[in-house]
1. With just the Cα atoms of segment 57-173, tell me how far they stretch along each of the three principal axes, in Å, largest first.
2. About its Cα centre, what dipole magnitude does the chain give when the only charges are +1 on Lys and Arg Cβ and -1 on Asp and Glu Cβ, stated in debye to the nearest 20?
3. Which aspartates and glutamates have a Cα less than 15 Å from the Cα of Lys405, not counting those fewer than 8 places away in the same chain?
4. With all protein chains present, calculate the accessible area of Cys419 using a 1.4 Å probe and round the result to the nearest 10 Å².
5. Viscosity 1.306 mPa s, temperature 10 °C: what is the translational diffusion coefficient of segment 272-364 from Stokes-Einstein with a Kirkwood Rh over Cα pairs, rounded to a whole number of µm²/s?
6. So if R0 is 45 Å, what FRET efficiency would Ala411 and Thr359 give, r being the distance between their Cβ atoms, rounded to the nearest 0.05?
7. In square angstrom, rounded to the nearest 10, how much accessible surface does Ile127 have for a 1.4 Å probe?
8. Among DSSP bridges having both ends in the chain, what percentage is antiparallel? Round to the nearest 5.
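The values are calculated or read from the model by the stated rules, or taken from the named source; none is laboratory data. Just so it is clear, the structure is predicted and the values come from calculations on it, not from any experiment. Glycine also receives a Cβ, built like all others from the backbone with ideal geometry; neighbour counts cover every protein chain displayed. The protein model used for the area step is the full one, side chains on, heavy atoms only, and it has no ligands, DNA or RNA in it. Shrake-Rupley method; radii C 1.70, N 1.55, O 1.52, S 1.80 Å.
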Amino acid sequence: MPQCKLRYIQCWQDVTTLKHPQAKMELKFFTWKLISNFLSLSLAFFSSTSSADFLDCISQQISPNFTLSDILLTPNDAPYSTVLQSTIQNLRFSTPTSPKPLAIVTPLSYSHVQSTVICSVDSGLQIRIRSGGHDYEGLSYTSHDHTPFILLDFNKLRSVTVDLDDNTAWVESGATLGELSYWVSQKSNILGFPTGECTSVGVGGQLSGGGFGTMARKYGLSADNVIDARIIDVNGRILDRDSMGEDLFWAIRGGGGASFGVVLSWKINLVYVPPIVTVFTLSKVLDKAATRLVNKWQYIAHNITEDLFINLVVSPVPVSDQEENTTIQVTFNSLFLGTSDELIKVLSETFPELGLQETDCIEMTWIESVVYHSVYLRGESIEALIERRPWPKSYYKFKSDYVQKPIPEDALEEIWKWCLQENLILAIEPHGGKMSQIKDTETPYPHREGNLYIIQYVMQWTDEGFNASEKHVASIRKVYKKMTPFVSKNPREAYVNFRDLDLGMNGYACGTSYLKASKWGSKYFKGNFRRLAMVKGAVDPTNFFCNEQSIPPLVSSHPSY
């Protein structure tokens, strides 16, 4: 077959007449390269000009008490790379070719955040907002479509102020969940807050996406316990609950705060925790007997007392320390808000098949249980929570599902085989309790009554390179597809804090329609997606606060949502 080495016009004639299929393929590639190179040059010019405008603007905005170097880093500054990499968890988006910010702003005051927003708007640059860096798809620190952006990193805005008079606290978005829990515990041994198990997650991401954790069955999501917030809007104004209005306040408690503005801090209701709680971890190889335990768990985990939380981790493990031979193991992890005697009594009545013994139980304080359930800090002192130790970095891809009917035992056995074949971990956490008592529309998080549990599919690997990533991502997608008959339908639901770009993305520079975005938006938010888009249209109609899965603006002439 002749190669496409003719003049461009001749190639085009060959393509249009379908004389040379290979020429058609090569012309596509040639055209793509031409457009790609043109866009790269255009973006480079745009980035250079916009970056200069931004730097000039923000240098004029900074108060005399600070210098620009106090809060801003460019790629020419030595600490730039260290700061950028500091909280990136997913190595898939930390490669030499990964798009990086034109500048990193690490604000020391709220006025610095205001200046960053104002100057980014004036310069025509996007901003990405990072509180903890755990975003599964890297949306808080990179741009998948190579749109130039500024990174707003909240690492230095992380104060926690506890008020025992009304059992509340103000916490800044840059604090980690571990820091929040620790500082609350230092004020009271009977107050806590329902956070997630991963203590290095940033408060800003946890609360703005909902926030599921070990006390969700007792007290609901983290976002369910937010009673006020401070946010900077597209005009650079600082708004609280009264001035932002109830619609925007509703949207940021589970709808993803980065779509609507920059949430500076949150006022939260602290919750009661007993002086003594009990934890246990039981692991069993998944033979038929263990599968029966998992099956029984499906029927009782969402129905037992709200004081008890039992999750499951299904994972491939070596057989007799031989890495070449693996089997599937299920681990039952629990938090009980009470003593071990009380826990054993509850489980002897509701789940005797588990065979829990007194020796399996460990009594501790609630703050010690936060360390215990963080897994990677287990065995450390509670002071480890304020050392800002990041979760160990790796390459990973995550997906999520909700289950509304128990999966049959024979299907469970097939699922174990899939996990073994693809080296996939399943983290399974129960709903029920308070989660089922809150209306679907109370916050943007809609996965309430009727959901038995959530599944998080976890694919992690250490081998580098594009081919390795493609292989492992294909493996998790394969299992996800096979799970279709056993999970929620119409829509197939997903949790926004387990971000998954496979569900769909906005177009270049966030361009998309409401209808197209509904493809993924309905999975995260169900019927609440329309209201989120209406709020977005009211507070950010030009879609400045955007990313690959931000809420698109839906503008209406009607005053109500």
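1. In descending order, the Cα extents are 51, 35, 26 Å.
2. Magnitude of the dipole: close to 2220 debye.
3. Qualifying aspartates and glutamates at Cα under 15 Å: Glu429, Glu449, Glu493.
4. 0
5. Translational D for this selection: 113 µm²/s.
6. 0.85
7. For Ile127, the solvent-accessible surface is approximately 10 Å².
8. 90
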